[in-house]
Structure formats: structure tokens, C-alpha cells
Amino acid sequence: HTIVQDQHANAPHLIPNSNGDSSQQEELRLLPSLEELVQTNAYNYSCPEGTTPFPDRPISSLPSFTSEKKIPKTVHITSKSRCVPPYMYEHIKEWEFDDHALYFHDDEAVHRLLRYAILDNDGAGLVPNLEKTLSCVTNGASLSDIWRYALLWYYGGIYTDIDNSPNKFNGTTIQPEDDSFFTVESLGIPSQYFFAASPHHP
């Protein structure tokens with residue numbers, strides 16, 4: 001199933017410091033745009049030899065972008081770093097559908113969203129005990145599971161693991177009236193490696 005191993009760092013440092021700068025705390029309480037979240041324009045990456053930073057395909061770069069669907073036409077992919085080898089670079093480009101944006105979420109972007117989720121609802125968190133839960137996370141896979149649900153709750157769109165291929169899925173598969181879209185695993189449960197939803201879908 002995997003082309004590359006995707007291990008996000010664990011989570012204890014995500015917890016905001018209550019003794020920190022109050023202006024920084026207030027900034028964390030404002031939901032960033034996707035471009036701000038993933039730092040679309042901050043391409044100062046120094047990649048190891050043999051790798052290249054994968055750029056976003058932001059909504060602003062799509063002059064014909066329309067938003068007639070409940071599920072935003074936005075693809076989200078994550079990995080520890082934007083620096084990917086050539087074969088992976090070409091693989092990710094398969095998800096660049098016509099009239100769809102694509103955002104690459106590295107570790108910094110993942111942690112940025114989770115810090116916001118901790119402070120959401122006037123400090124109560126996106127869900128009860130989120131701060132406590134994240135402080136117990138010890139592996140990147142669990143952190144990524146929590147993050148992807150928070151991501152689609154806030155922004156909606158299409159989430160895919162970096163090692164997935166679209167196959168028969170394309171930019172027209174999701175219909176305008178669809179509120180969510182899942183594949184079903186062999187156990188009869190919705191997949192975590194690929195799914196789509198409208199913002200704030202229950």
C-alpha cells in the first residue's frame with residue numbers, strides 16, 4: 001500500500017504555552033486561510049540532494065475555479081516534508097485535477113492546524129479533551145489520523161494519503177450535491193486513507 005513511509009512527529013510540543021505572548025495566542029485563535037496554513041508562498045526549502053519541494057496549486061492560481069459543489073474542489077496531501085524524490089513528485093501530480101486546488105501539508109502545517117484546534121471554541125478545543133489527547137500521542141500515524149479529520153472539519157475537500165493513486169477517481173467523480181464521499185474497506189468501515197467531505201460535516 002505504501003510508496004513512501006510517512007511519519008509525522010509526535011505531539012507534545014503542540015500544546016500552546018499559557019504563559020506565552022498573548023498576541024501570539026490571539027493569532028492562533030484565528031483560522032488561517034489554506035495558503036497561510038501551508039505557507040504556500042514560503043518556498044525557502046533546502047531539500048536534500050535528489051529531492052525537490054512540491055509546490056501547492058492554490059485556488060488563486062486557477063482563474064476558472066468555481067465552487068458549485070458542497071465538497072470544495074481542493075485536494076489535501078500530507079507528508080513530513082515537501083521535499084520528495086522525482087518519482088513521488090510525478091505521482092502527486094496525478095491528483096492535480098482540472099479546476100481543483102492542491103495543498104501539500106508538511107509537519108509544520110499539520111502542527112499549525114492542531115494548535116488552532118486546541119484553542120478553538122474559546123480555548124475549549126475543537127472536541128472535549130483535545131489538548132489532553134494530543135499530549136498522549138506518541139506516534140505520527142495517530143497524530144495524522146486526528147489531523148485529517150480536523151482538516152476536513154474546518155476546510156472540507158478531498159484528503160488522500162500520499163501513496164494513493166486516483167485510478168478511476170477524477171475531478172468529476174464527486175457530484176455537486178454530495179456532502180461526503182468515502183471508500184469502504186474490507187472490514188465494512190469507511191476508509192481513513194482517502195475520503196472527502198464538506199466543511200463541518202458531522
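Points worth noting:
- Among the GluC sites (Glu not before Pro) found in segment 122-200, those both in a DSSP coil and sparsely packed, with 16 or fewer other Cβ atoms within 10 Å of their Cβ, are GLU177, GLU185.
- Placing SER64, SER135, SER79 in order of accessible area, with the largest value first and a 1.4 Å probe, yields SER64, SER135, SER79.
- Helix axis angle, 140-155 relative to the chain longest principal axis, alpha carbon, degrees: 80
- With q set to 0.12, 0.14, 0.23, 0.24 Å⁻¹, the log10 of I(q)/I(0) for segment 131-202, from the Debye formula over equal scatterers at the Cα positions, is -0.37, -0.50, -1.18, -1.24.
- Pairs of C-alpha atoms in the chain farther apart than 24 Å represent 42 percent of all such pairs.
- Across segment 158-167, rounded Karplus estimates of 3J(HN,Hα) from the backbone phi angles (6.51 cos²θ - 1.76 cosθ + 1.60, θ = phi - 60°) give 10, 9, 9, 4, 5, 8, 7, 10, x, 6 Hz, Gly and Pro being marked x.
- With 22 Å as the limit, the listed pairs LYS73/LYS93; LYS80/LYS168; LYS73/LYS132; LYS70/LYS132 have LYS80/LYS168; LYS73/LYS132; LYS70/LYS132 beyond it between alpha carbons.
- Formal net charge of residues neighbouring CYS83 (Cβ-Cβ distance under 12 Å; K, R +1; D, E -1): -1
- Spin-label model distance (nm) - TYR87 vs SER142, 7 Å beyond Cα toward Cβ: 3.2
- Computing Rg and the Kirkwood Rh from the Cα coordinates of segment 69-120 gives a ratio, Rg/Rh, of 1.05.
- Apportionment of accessible area to carbon and sulfur, the chain, percent (1.4 Å): 51
- Within segment 85-196, the ratio Rg/Rh, alpha carbon atoms throughout and Rh by Kirkwood, equals 0.98.
- Rounded to the nearest 10 degrees, the inclination of helix 107-119 to the longest alpha-carbon principal axis of the chain is 50 degrees.
- Extended-chain gain in nm, criterion 0.36 nm per residue less alpha-carbon gap, TYR149 and GLU36: 38.8 nm
- Per residue, the average separation of C-alpha pairs within less than 8 Å and at least 6 apart gives the chain a relative contact order of 29 percent.
- Per residue, the chain exposes 53 Å² of accessible surface when a 1.4 Å probe is rolled over the protein heavy atoms with every protein chain present.
The values are calculated or read from the model by the stated rules, or taken from the named source; none is laboratory data. The structure presented is a predicted model; accordingly, all values stated were derived computationally and were not measured. As a convention, Cβ positions derive from the backbone with ideal geometry for all residues, glycine included, and neighbour counts pool all protein chains shown. Protein only, heavy atoms only, side chains kept; ligands, DNA and RNA dropped before computing areas. Shrake-Rupley method; radii C 1.70, N 1.55, O 1.52, S 1.80 Å.
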